[in-house]
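What follows is a set of notes on a single structure, which appears directly below.
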Amino acid sequence: MAAAAAIRGAVARGGRVFVFGTAAARPRPSTFAAELVGRFQRERPAMAAIALTTDTSILTAVANDYAFDRIFARQLEGLGRPGDVALGISTSGRSANVIEGCRRRGGSAS
C-alpha cells in the first residue's frame, strides 16, 4: 500500500516512476511500467513510468565503466529528480544493483 500511495502522489505532482530489477525479476519492471503508461483494468490518464532495464547500451556502458552494481543508480543520477519514485524489484532481496539503485533515491530495497 505504501508503494502505491508513493506512486500516486508522485504522479499527481508531476513526478515519474522509475522501475528496475535484475535476474528473475528483470522482465517485471518493463511490464509494470507498461501498465502505468498504458492502462490497467480501466481507462485513465497515462502515468509517467520508465523501466531502467531496457536500454542495453546504458546497462553495458555503466557496467563496463563503473560496475554492474551501479547500473540503476547511475541511471537515476542522470534521469531522476526530486519528487520521482524509484521502485526496485529483487526476488532474493540481495541484488546489489537494486539495493544501490534504491539507496540512490533514498529508498529501501525489497
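Points worth noting:
- Residues in the range 62-78 that are surrounded by fewer than 14 Cβ atoms within 10 Å (Cβ to Cβ) and assigned to a helix (DSSP H, G or I): 4 in all.
- Residue check, residue 59 without any contact (Cβ under 8 Å) to a residue 24 or more places away in the chain, farther than 11 Å from residue 85 by Cβ and either buried (at least 17 other Cβ atoms within 10 Å of the Cβ) or in contact with a Pro (Cβ under 9 Å, 6 or more places away or on another chain) (or both): yes
- Residue check: residue 40 meets all listed conditions (1) free of Cβ contacts under 8 Å to residues at least 12 places away in the same chain; (2) open to solvent by 70 Å² or more (accessible area, probe 1.4 Å); (3) closer than 21 Å to residue 99 by Cβ but one, namely (3).
- Of the candidates 106, 88, the single residue that is modelled with pLDDT under 95 and open to solvent by less than 50 Å² (accessible area, probe 1.4 Å) is 88.
- Single condition residue 53 does not satisfy, out of (1) open to solvent by 20 Å² or more (accessible area, probe 1.4 Å); (2) assigned to a loop (DSSP other than H, G, I, E, B); (3) polar (S, T, N, Q): (1)
- First in the range 10-32 and in a helix (DSSP H, G or I), second anywhere and modelled with pLDDT of 95 or more and charged (D, E, K, R), Cβ under 7 Å, 6 or more apart: 10/84
The values are calculated or read from the model by the stated rules, or taken from the named source; none is laboratory data. Source: prediction; values computed, not measured. Don't worry about glycine lacking a Cβ; one is built from the backbone with ideal geometry, like all the others, and counts go over all protein chains shown. These area figures cover heavy atoms from the full protein model, side chains too; ligands, DNA and RNA do not enter into them. Shrake-Rupley method; radii C 1.70, N 1.55, O 1.52, S 1.80 Å.
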